[in-house]
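Heads up, the thing below is written out as structure tokens.
Computed from the coordinates by the stated procedures, all read-outs in this text should not be read as laboratory data. The structure presented is a predicted model; accordingly, all values stated were derived computationally and were not measured. We place every Cβ from the backbone using ideal geometry, glycine too, and count neighbours over all the protein chains shown.
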Amino acid sequence: MAEHLQITQGTKEEIYQSLLPQIEAVLTGEPDLIANLANITAALKEQFGWLWVGFYLVKKTVDGNDDELVLGPFQGPIACTRIRKNRGVCGASWQQAQTLIVPDVEKFPGHIACSSLSKSEIVVPIIRNNSVVGVLDVDSELLDQFDEVDKVYLEMVVEMVE
Ligand code: SME
């Protein structure tokens, strides 16, 4: 594994094309989920400088009667620990089992503002055996920062997670 991430400049596509093989290399041969998710958040945060990059994983509620999203490895300001299904952008992405791009979080009904600095957001579900096992959530301090390019490449990133 390389000791340092090679930071790339160029178009967003070029950046992802340089970054993805590096992430793949870091994950190769490492079966530990938390370690791999942690390195993915670090690589994305270091390359793009987004406000917040992190995972929420589907786990049991505290009373054990239901499932909810529980905060996993992330980079950025402290965040909400638990999110119920269909709550906020993360809960909606889980419910719909699809990537959601939100250009202006204030216009998303039910958006959960973990940080008032967050202005736009993309949430990518991790789908295994036809069910969502977690989501990758990325927040930006700027409006309208995410598009189809991010969707395509971030979906590839979550595919790398074992
Ligand atoms: N904004 C998210 C909650 C997670 S934080 O942004 C880290 C949402 O609405 O689901």
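Here are the numbers for the structure shown:
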{"item": "Qualifying trypsin sites (Lys or Arg not before Pro) in the stretch 46-97, DSSP loop, other Cβ atoms within 10 Å at most 10", "result": "none"}
{"item": "Relative contact order %, the chain, counting alpha carbon pairs below 8 Å whose residues are six or more apart", "result": "20"}
{"item": "Long pairs among K12/K119; K45/K107; K12/K85, criterion Cα-Cα beyond 29 Å", "result": "K12/K85"}
{"item": "Burial ranking of peptide ranges 31-37, 15-21 (average Cβ count within 10 Å, highest at the top)", "result": "15-21, 31-37"}
{"item": "Residue-wise HN-Hα coupling along the stretch 129-137, computed from phi with Karplus coefficients 6.51, -1.76, 1.60 (Hz; x: Gly, Pro)", "result": "6, 6, 9, 7, 9, x, 9, 9, 10"}
{"item": "Likely footprinting exposure, D67, D137, D150, D144, fewest C-beta neighbours within 10 Å first", "result": "D144, D67, D150, D137"}
{"item": "Leading residue at positive end of dipole, the stretch 12-159 (Cβ point charges), from N129, F48, S18", "result": "N129"}
{"item": "The chain, dipole about Cα centre (Lys/Arg Cβ +1, Asp/Glu Cβ -1), debye to the nearest 20", "result": "540"}
